[in-house]
Structures are given as C-alpha cells and as structure tokens.
Protein chains: 2
Amino acid sequence: MSKVIDFQTDPSKYRHWRIEYDGPVANLFMDVDEDGGLFDGYQLKLNSYDLGVDIELADVVQRMRFEHPEVKVVVLRSAKEKVFCAGANIRMLGGAAHSHKVNFCKFTNETRNTFEAAEADSGQKYIAAVKGACAGGGYELALACNHIMLTDDSSSSVALPEVPLLAVLPGTGGLTRVTDKRKVRRDLADVFCSTEEGVKGKRAVTWKLVDEAIANSKFDETVEARAREFAASSAKVDVASGISLGPLRRVIEPDGSLRYSLVEVLVDRDARRATLTIGGPETDAPDDMVAFEAQGDQSYMLRLARELDDAILHLRLNEAELGLLVFRSQGDPIKMAAHEAVLMADPDHWLANEVLKYWKRVLKRIDVTSRSMVALVEHGSCFVGVLAEILFSVDRSYMMEDEFEGDNRPIATVTLTAANFGLFPMGNDLSRLQNRFYGTPEAVDTAQGHMGEALEAAEVNDLGLVTMILDDIDWDDEIRIFMEERASFSPDAMTGMEANLRFVGPETMETRIFGRLTAWQNWIFNRPNAVGAEGALQRYGTGVRGNYDMERV
Amino acid sequence: MSKVIDFQTDPSKYRHWRIEYDGPVANLFMDVDEDGGLFDGYQLKLNSYDLGVDIELADVVQRMRFEHPEVKVVVLRSAKEKVFCAGANIRMLGGAAHSHKVNFCKFTNETRNTFEAAEADSGQKYIAAVKGACAGGGYELALACNHIMLTDDSSSSVALPEVPLLAVLPGTGGLTRVTDKRKVRRDLADVFCSTEEGVKGKRAVTWKLVDEAIANSKFDETVEARAREFAASSAKVDVASGISLGPLRRVIEPDGSLRYSLVEVLVDRDARRATLTIGGPETDAPDDMVAFEAQGDQSYMLRLARELDDAILHLRLNEAELGLLVFRSQGDPIKMAAHEAVLMADPDHWLANEVLKYWKRVLKRIDVTSRSMVALVEHGSCFVGVLAEILFSVDRSYMMEDEFEGDNRPIATVTLTAANFGLFPMGNDLSRLQNRFYGTPEAVDTAQGHMGEALEAAEVNDLGLVTMILDDIDWDDEIRIFMEERASFSPDAMTGMEANLRFVGPETMETRIFGRLTAWQNWIFNRPNAVGAEGALQRYGTGVRGNYDMERV
C-alpha cells in the first residue's frame, strides 16, 4: 500500500455514492463499486467499504454543508438489493499494515462524527433507512445517524458481529454509541455484540438499537414521510444556495513536500519531520459576509482551513515515518485578525457558521493526530485567534524572545481573540485554553483580559500560553535538541503519551471513542488472535474459525 | 512464572516494608529486599518493586484501616540512602509474559487507588516524603499520595522516564494523575514525561509536580511537622483500637478449586470457567455494631468480602485461561439482609464504614476484572443488597423462573436494599443501577420503589434487573450454550468489548486510568519497540538503546 492516497475528490469522481436532491431532503445512496477498491487484492462486495469509499463519504458530508445548505435532512440508503452495508472490508483489513488499519479507523471515526456535527452545528439531520443486512461498520454508519429506521422483515437486521466473527472490536464507535448515544442497557449490548446474526424488527426497537421498525410494504413511504416531517420541524435557517468547493491548489514535490496556496509542508526525511508553514492573508479582509460569500472557496479563512485539513490527512496516511509535525506561521497578524473578525462579526450568517464550524473540525483533527506536534512562534508570525488555537493543540510550543541578529521580521507576538474562549471546543467540550489550564480557570480569565493585544514573549510566558520562550542565543540549539530527541523516541510510546496528555479531565462520547475504544482496538489489532496467521481476520472467509490463544490478560 | 501467587500476607511475613507507629502518624518505610523477588531472574535493586512488593503494600494499606484506625496520617518514606523508589523492576517486566505485565499493572493501580480512597473514605491521609531519586513507578507511588514533599538538593528529583528510557508509558496512573490530579499544564507534562532525568527542587513545585521542596537540613523536621499538622486538622473520628485481620481459611484443591469458609470456587479447565458460589450467613446477624465489632474478622460481612477479594485476585493472576467467571449464591435472603442491615443502621460507626467501603473496593475490583462474568440467580440464592450489586457488575445475568422439577430450594428472588442506590459507586461515580440504566434514570427510581421486596423472576424482568429469565424447560440448554459460546470467543476481543461496555457515559480519573491509559499501555506492551528482541525493555541495562521501527500509526 505505497501509492499516494488523495483525500481530494468531487462528485464527478465518485464511484460509490449517489445523491438525489429533493428540496430540503437529500437521498444519499451507498452503491459501492466492487471493483473500486483503493488498493488491489480485494473486492468491495456487499457495500463493504475501504478508505476510498470513506473519503468520498467525507466529501459528501462536507459539500452538503457548503454546497447544499438548503438540505435539512439527509437520508442514508443502500442502492443494493439485499444489503444496507456490510461494514469495513475484511480482506482489506486482513491485508493492511497496522498503521493503515489504525489511521483508516481514525478517519472513518472522524467522518462518522461529521454526521452528528452536521445536525448539532448546522441543523442537517442524518437518517439511516435500513433495508437488508446492516452489519459491523454498516451499523456504525447507521449509529452515527440521529434516527434509524429498520425494515421489519426476515432479512433486515442490525448487527455488530466483529467480536464473535472477527475477534476485533467494532472500530468505528459502535460499542460507545450503543451505550452512550442509543442508551442500550449494557447487558443487552453485551448480548447484541456477541450475536453474529444480529437483532431484527421489534426487538431491535425494544432494545433501542433502532428507532423504528416498519413493515417492508410501508417502509419507503414512511421514510419519506419522516424525512419531510423532520425537514418541516427543522430549526435550520433557509439558505437558497451554497458556494462551490473547487479543487485545491496543491503541488506535491518529488521529495514529498507539499505546496498549497497558503500552506507549505516541507518534508525532511532524515530528520523525520514535516514543517507546516501557514501563510497569512495576502489581501485585506472582505468588508462583510456578503463580500466573503462572493469570494466563496477563495476566501482566505476557508481556503486555509481546507488546505490545512488536506495537509494533515495527507501526512497521516502517506507519511507514517514523519513523526514530528512542526507548525509555523508567517504573515501580518493585523490582517489575520481582520479576516477572522469578518466571521465573528456575523456568526449567524450561514457561511460564517459553516466556516467557523469547519475550523472546529480541522482543529479537532489536529488534536487526535498521532504525531508529535510542536509550534514555533517566530518573528514575522501571525498566531492570532484561530491560528493561536494551534499553539494550544500541539504538544509543545516555543516562542522567540527579543530581537534576533540579522532578523528584521516583525517581533514575534501572539494575539488572543474571542475565538480562543469557547468558539472551538475540543472533543472533551473544553476550550483549548480550559484544557490547558485545567484546574486553574483563573488563568483562562487572566488571558481573556488580554484579548486583542499583540502579546510579546515575556507577556506570553507570564500568561502561560507557550511552553518556553528562547532568545537569539538559545533558540537554534534548544529547538534542534528538542527535535532530534523527539525523533529518536519510540513512536508507540509517544503516541500513547500524547493520547493521554492532550485530553485532560472530562470525557465525552467523542473522546471515549478516540481514547478508550480506539486504544483497545489498537491493542487487539496487534494480537495474534486477530491478526496472526491463524487469527480471525486472516481466516475470515475460509470457513475455518480463528485458532485462539485462550489466555486472558 | 507458574508458581501460585498468594495475595495473603501479614506483617510477620513482610520483606519489603516496615512501619513505625507514632500515635496518629504512621511512618511507612519502603525497604525492598533485593533478593526478595517473587520470581527468579532479577534483583529488586534501588527500591524497585515487583508484584510481591505490591502485595505487601496492599496489605499495609488494608490493615492500616482495620487494625490501626487511630492513624490519621501515613508518611511514605524510603529506608534506602539515595533513592526513594526506582519504580517497577525493569528486568521483571522484560521477562514477564504480557498477561502478567497487564495484571501486575492492574493490581498496582488498584493499590495506588487505595491510598486516595483511604483519605476520601476514612480520613487517612498519605504523604510522600521524597529523598533521593523518585522515578517512574516511584513517582507514581508519590502521586497516589495526597501531599508530596521533595528534598531540595542535587540528588533528589521526581521523574517519569518511561517514555524516553523504556519506550512504554508510566503504567500506574502517572500520565493521568499528572494532568488530572496535580493539574500540571499539559505541555509541561509533555516536557516532564520526556525528560529522563526528571525535575528537581523549586521547578518541581512551580510545575506542580510536588507540593513542597525543602532543604535537606530541614527536611525531616518539616515532614514531621506537616504530618502532625495534618493529623491535628484531620476530620477522622478518634478510634482507640482496631480489629485484627487473621489469616483466611482457604484450601486449594489439586484441581485448582478453592474452598474458603463462605466462598467456593469450582474450576472446570475443559470448559475454561470458574464458578464462584457465595454462601449466605450461617448464623443470625449480630444485634448491632458493638456485637459486630466483637466478631471482628469473623463477622459474616467482612469475612465474605475478604474471601471474595482473595478469590478474584487469585483467579486473575493464577488462572489466566479461565475466561469465564460464574457467580452464584446460595443462602437465606432474609438473613443476608439482616447482616447487611447492621452495617447500614450505623454507617458512622468506624467499622461499619470500613466494611462498607471495603465492599466498595471489592465490587470495583470485580468491575475491572478482565474475564467474562455472568451471574446465575438460581433457586435458593441470596442476591440481596450488596450481593445484588454483583448482578449489576457482571456482563450478563440469568434468573430461574417458576419452579424447577425436582428442585425444592426456595424460589429464586432478588432483593434490592438501600445499598443498591448510591452506597457503592463504580469508578465512574455512578451507582451500578445508574450505570445500568444510563439514559433512563426513571428506571432507577422505579426499582427503588421496590426496595426490600423479595422480587421473583417476572418482576425482576419487568424492572430490567437481569438480562434474561428462563424456566425449567430452557434453563440448562440456554446456560450451556451461552457458556460454550463465550468460552470459544477470542479472549482479547472479549476484554476490549467488556472494558468498553461495562462503563458507560461519564469518566473519572479512575476510569481514565483503567480505560484510556491502560489500554494504550496494553497496546504498547505488545509492540516490538517495547518488548521485541531489540526493544527498549529487553535492552534496558545493556547500554544500548532500543532499535525502533519509526513508523507512526
């Protein structure tokens, strides 16, 4: 699996999904092309999916919000006769490297979360209309929807057969959503999750696995009625038309470096690091959201979010050995603040809301990226508002103090804005500053008192906003030593440490999925009972069960 | 590592700990015997520990509460010259099987939690008086104390060197306590946890890693003063003397079965299960807590808790292939209720409090036991109050309905008491019924309305208190099929599933340690970078660093 995985797609390229727009309702059909696998060696039978299918789905959800803001309800359906979705493709999983499996699961989890975010942040509600077998990742797709309708017949069921059949966990939030979202009683969840054939009809309703079970003869009309009903009662504001999301400007250099219009990713393979430099705005901010909307996908704030998102995903899946991500910025802090301010001044404008909520998702994507991350606040940088959030997302941050010899860029500053105080909650529902100052909320208040000020190093240090400030004498050596050291540690230990330190205190369904469920799944993905030659994933489809070492740990 | 690990010990057998009692203050000295390892092949240098050292420590903490209720402050010290504690012994870890490592970490975590529980539940406060190097599990011992005093000199430091040195995580709650309990800012925690040599003196205070740094010359007197001060301001009730905890009555049969005075553990190796049968009280309940105290460790409620606790620990560490634990009870429900009621009627009595809080710990131990667990509510059983909690702790429960042919035992009932409504919170701070009915709190209220009633199967089923009720026709087959099926699944997948389903919704520091941190550690404990031939654990002490696969996952 060494080809470059591209996260950019658009409807003209979809092989697995089809959408029918019908006013406020969109019908989204899953129709996986068996021969359209991202890699060779497996067929995507029975609407099973691989990363390629999910990349298209993520694109669907994203465009639904920006290009189709008129949609209030999305009905997820299968275009296959007898199956809704069989879940992640097992042969793909059986053949994939551990790192691919883990990152595949992370991306699918992020995509499922966007279903829920669409309703919470934008009023776009996802309904699953399940006809036929809905198993494993297929049921997890349905679980990510906020209303599940099941055909009540002899062949339609929901199931999480991973544990009995494959010796792995449902890896896309299934175990957590069953108890935490659907509120299935935990012993019934235990029965459900260890029953290969799943649960049908009325029992699925009684156990709360689905919201409705409807006779086949009335299914389609009931689904349509329900979609209309939800659309009619939706609080989503009416928007006549969206903006289109054109292709990103991106060049991949022979050495693996990436150049976007605003983001540059320099790859240093020997040092095992990628340096992401974010460019500030070239032009003045638009006057208001009307002007912003006219700029559409070329507006600075949206373009930057899309490029950064793509860069992170590219690095995650295509550059596994670059263990350290270094975030820099260069630009005019005042212009940066002005661009952000246009969105903040009119947050109820549909597009302002969408752009801000997209930034929320991009920042969360950074939070759960399994690489060591550091931010360098250098002279000439523009860590303002949403970009300052990056300082509070990464593992450490270093800032230049005082003038550096021969460096005539403007002195390094950090500027907090209202964006840093609750606009971009992390997965644990804390702002990044609340997370940073867990246990000392007064430190958040103090920082808030300095909103809008271009804070220089000494003040930033006093406020606790960076890990360390360094002057001209120490900067080069300290940064070099840190980077060399970090690149020398065991990547697994770093992953585990960072996964624990980045999220403090409270947990939510989302952090439980990424922190508790994912960690157990990673462990299982390393155990011979699942992935060994006689493990269940390898033996799947042979008619022979996995041969298990029965020792409990 | 095939010898039987015995969790029973007493001060006459201690090899690693020494206690000096001084009125309300106890000085607990860690003085690990290098040659006293539980297994061959390693020496416990520098106050490093293995499971044997921790078994003694757990015994110390337990006896402090029952035998020394006069103690209000426990000062944890080292009896070695230059080292406080070097943490878990690395050679032991390097040589141990995965299952031993994981269960060793679980037990040490439970023991650390008892430090905190001693203050929260009983007013016994633990202070760490750190002189010399305090690294890894050594610092985690200190972190479990509620006040950390560090000698401010050139050789005393606190450190978590696991990530840089050993390519594993601090496995006894370190990462979680640093951020969640000590409230160390997460980027400083990142620096701390990747710095082998740790942090000394005033910086350790500034970063909140310790509470005080005191010059060597004043250290001992300051520690003594602080201990006296905490004792003087303690809210702990004065108790003149405790009760003694004598040895358990326990016979281990040749086939591995265990017979205690009240608990019988039948081992069936072919079926890979252990059946734990809890016997009800043989005699009437004592009249009051005065009579109870006179019975001391022979009182039914305390004896049962101790035997059950020992049985669980024995099975965890010594019987890894028994993947299914079946809980039964046989006894008089009315007598059972009466014995429990003596404690509940006088909960402020020091011993009533200690016994109830001990049950809280035993039930939590069951919650995090990594085996499939089922309860069978048979005719003649006595699942009342605290024993009914077991039904809500295990993964599933089955109950006999109506009379069974040829069975003249009293009809099966379940009786809820006040003990089921908040007295025994789980690690997530929910009662087991709140956890069971997460999202439908009204179901808890309904159940509460039936407190004190001996509920038969149909009522129990209506209230949702068991997974399934079965009559004479179905019982044998259904139970047999369930057990056979469960014993055939991959143990790893079961462990992961159960770890997720048993704890719903909210998380606490405790569940974050067992759920998030432990899962990441288990994963790392399976990765070649840690445990492979060239991994850091194997290479420790050779002067050669681990050779890492640098791929990030």
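Here are the numbers for this structure:
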{"quantity": "Length-normalised contact order for chain B - Cα pairs under 8 Å, 6+ apart - percent", "calculated": "12"}
{"quantity": "Per-peptide average of other Cβ atoms within 10 Å, ordering A:22-30, A:177-185 highest first", "calculated": "A:177-185, A:22-30"}
{"quantity": "Exercise: per-residue mean of other protein chain Cβ atoms within 10 Å, A:484-491", "calculated": "6"}
{"quantity": "Shape of the protein assembly as shown, Cα gyration tensor, a/c cut at 1.5", "calculated": "oblate"}
{"quantity": "Sequence of A:336, B:483 once ranked by neighbouring C-beta atoms within 10 Å, starting from the fewest", "calculated": "B:483, A:336"}
{"quantity": "Relative contact order of segment B:13-231, pairs being alpha-carbon contacts under 8 Å that are 6 or more residues apart, as %", "calculated": "18"}
{"quantity": "Distance between modelled label sites at residue B:448 and residue A:346, nm, 7 Å Cα→Cβ extension", "calculated": "5.2"}
{"quantity": "Most to least packed among B:434-445, A:306-317, A:212-223 [average Cβ atoms within 10 Å]", "calculated": "A:306-317, B:434-445, A:212-223"}
{"quantity": "Cut-off under 5 Å, modelled amide H: who pairs with residue B:327 long-range", "calculated": "B:276, B:374, B:375, B:376"}
{"quantity": "Helix B:300-318 vs. chain B, principal-axis angle (Cα, 0 to 90°, nearest 10)", "calculated": "60"}
{"quantity": "Segment A:251-496, relative contact order in percent, only Cα pairs under 8 angstrom and at least six apart counted", "calculated": "17"}
{"quantity": "Note, ³J(HN,Hα) from phi for segment B:173-189, Karplus 6.51, -1.76, 1.60, rounded to Hz, x at Gly and Pro", "calculated": "x, x, 4, 6, 5, 4, 7, 7, 9, 7, 6, 5, 4, 5, 6, 5, 4"}
{"quantity": "Interchain or long-range residues, amide H under 5 Å from residue B:130's placed H", "calculated": "B:149, B:150, B:151"}
{"quantity": "Lys, Arg +1 and Asp, Glu -1 on Cβ, resulting dipole of the protein assembly as shown about Cα centre, debye, nearest 20", "calculated": "1240"}
{"quantity": "Cα-based shape type of segment A:460-541, given that a ≥ b ≥ c are square roots of the gyration tensor eigenvalues and the cut on a/c is 1.5", "calculated": "oblate"}
{"quantity": "Distance in nm between pseudo-label sites at residue B:229 and residue A:29 (7 Å out along the Cβ direction from Cα)", "calculated": "7.5"}
{"quantity": "Listed residues B:417, B:305, B:374: farthest to the positive end of the dipole of segment B:251-496 (Cβ charges)", "calculated": "B:305"}
{"quantity": "Most to least packed among A:144-155, B:254-265, A:285-296 [average Cβ atoms within 10 Å]", "calculated": "A:144-155, B:254-265, A:285-296"}
{"quantity": "Sites residue B:181 and residue B:295, calculated FRET efficiency, Cβ-Cβ separation with R0 45 Å, nearest 0.05", "calculated": "0.75"}
{"quantity": "Computed [θ] at 222 nm, helices only, for the protein assembly as shown once each DSSP H run of length n ≥ 4 contributes -39500 (n - 2.57)", "calculated": "-11500 deg cm²/dmol"}
{"quantity": "Cβ-based charge dipole, segment B:251-496, positive-most Cα from B:399, B:251, B:329", "calculated": "B:251"}
{"quantity": "Footprinting exposure proxy for B:48, A:194 (fewest neighbouring C-beta atoms within 10 Å first)", "calculated": "A:194, B:48"}
{"quantity": "Cα-projected label distance for residue B:542 with residue A:411, points at 7 Å along beta-carbon direction, nm", "calculated": "5.3"}
{"quantity": "Cα long-axis angle, helix B:491-501 against chain B (0 to 90 degrees, to the nearest 10)", "calculated": "80"}
{"quantity": "C-alpha long axis of helix B:333-345 to longest principal axis of chain B, angle in °", "calculated": "40"}
{"quantity": "Formal net charge of residues neighbouring residue B:59 (Cβ-Cβ distance under 14 Å; K, R +1; D, E -1)", "calculated": "-2"}
{"quantity": "Set of segment B:156-173 residues, backbone N closer than 18 Å to the point 7 Å along the Cα-Cβ line of residue B:203", "calculated": "B:156-165"}
{"quantity": "Linear extension gain, residue B:4 paired with residue B:288, 0.36 nm per residue minus alpha-carbon span", "calculated": "98.3 nm"}
{"quantity": "Inter-chain shielding of A:501-511 (mean C-beta neighbours from other protein chains, 10 Å cut-off)", "calculated": "6"}
{"quantity": "Extension gain from residue A:195 to residue A:459, taking 0.36 nm per residue of separation minus the Cα-Cα distance", "calculated": "89.1 nm"}
{"quantity": "Net lengthening on full extension, residue B:18/residue B:471 (0.36 nm per residue, minus Cα-Cα)", "calculated": "157.5 nm"}
{"quantity": "Neighbour net charge for residue A:135 - beta-carbon separation under 11 angstrom, K R +1, D E -1", "calculated": "-4"}
{"quantity": "Separation between Cα centres of segment A:214-266 and segment B:470-521, rounded to whole Å", "calculated": "37"}
{"quantity": "Average beta carbon contacts from partner chains per residue of A:170-182, 10 Å cutoff", "calculated": "3"}
{"quantity": "Euclidean distance between Cα centres, segment A:420-458 to segment A:144-187, Å", "calculated": "38"}
{"quantity": "Shape call, segment A:251-496: gyration tensor on alpha carbons, a/c limit 1.5", "calculated": "rounded"}
{"quantity": "Residue-wise HN-Hα coupling along segment B:358-367, computed from phi with Karplus coefficients 6.51, -1.76, 1.60 (Hz; x: Gly, Pro)", "calculated": "5, 4, 4, 5, 5, 5, 5, 4, 5, 3"}
{"quantity": "Cβ-placed point charges (K, R +1; D, E -1), dipole of segment A:13-231 about Cα centre in debye, nearest 20", "calculated": "500"}
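A short reminder: the numbers here are calculations on the coordinates, not readings from a lab. Since the structure is predicted, the reported quantities are computational estimates derived from the model, not experimental observations. So basically every Cβ, Gly included, is an ideal-geometry build from the backbone, and we count neighbours across all protein chains shown.
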